[in-house]
Amino acid sequence: MGASSFFPYPVSSGDERPDELVFMPERSPEQWDRLLAFVERRGFRAGEDVIKRGETDRALYIVVEGSLEARVMEGRAGIQKGAAVPVPAGSVIGEIGFFDGMARSATVTAVTDGAMLRLSFEAFQSLAKSEPELAQAMLFDLGRILAIRLRQTDEFIRGWIG
């Protein structure tokens, strides 16, 4: 899903439960330990762009500490506008590029210092071979999160067009 040229990325309405966008909240510590064998931990500093719109990186990121904000910038001739979407610890980012392999649709900037886990597409393929049930659970949870975000976008568009 690419960025639209006629409206900013939707901002959370605040209607969803705070934990609704938490990635895989029902997984056991043992399942997380198995997943951790396939990820790379990356720290970030406040003000750092951890994902840049337009870049290609087929990886999924799980925010484990700190907070980020996603922003899709729109505009021409140097006039930029956009809405920031908060990304707290427990959230997942990069899922669109992870699935479609296309350029990133938003820039994600660190609001605070923190850390995230990077799961490359190749590492996910290895995980899927050795831990198929865990990989399937991840895919279903990513689908759930994408569905929530799509519903939020639909609500935003309906409000925008009247």
10 Å binning of all Cα-Cα separations within region 100-143, expressed as whole percents from 0 upward
21, 42, 31, 6
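How much net charge surrounds Leu127 when only the other residues with a Cβ under 15 Å from the Cβ of Leu127 are counted, with Lys and Arg +1 and Asp and Glu -1?
Numbers: positive: Arg27, Arg34, Arg58, Arg118, Lys129; negative: Glu30, Asp33, Glu40, Glu122, Glu131, Glu133, Asp141.
With Lys, Arg at +1 and Asp, Glu at -1, the neighbours total -2.
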Can you pull the accessible area of Met24 for me, 1.4 Å probe, Å² to the nearest 10?
10 Å²
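Compare Leu139, Leu117 by solvent-accessible area with a 1.4 Å probe and give them largest first, with all protein chains kept in place.
Working: Leu139 70, Leu117 15 Å².
Largest accessible area first, the residues go Leu139, Leu117.
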Where in region 129-151 does the label zone of Met102 land, with the point 7 angstrom along Cα→C-beta and an amide N cut-off under 16 Å?
150
Using a 1.4 angstrom probe and counting only protein chains, how large is the accessible area of Ile145 in Å², to 10?
0 Å²
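The values are calculated or read from the model by the stated rules, or taken from the named source; none is laboratory data. Predicted model, so just to flag it, every value in this text is computed and none were measured. Counting neighbours? That spans all protein chains shown, and the Cβs are built from the backbone with ideal geometry, glycine included. Protein only, heavy atoms only, side chains kept; ligands, DNA and RNA dropped before computing areas. Shrake-Rupley method; radii C 1.70, N 1.55, O 1.52, S 1.80 Å.
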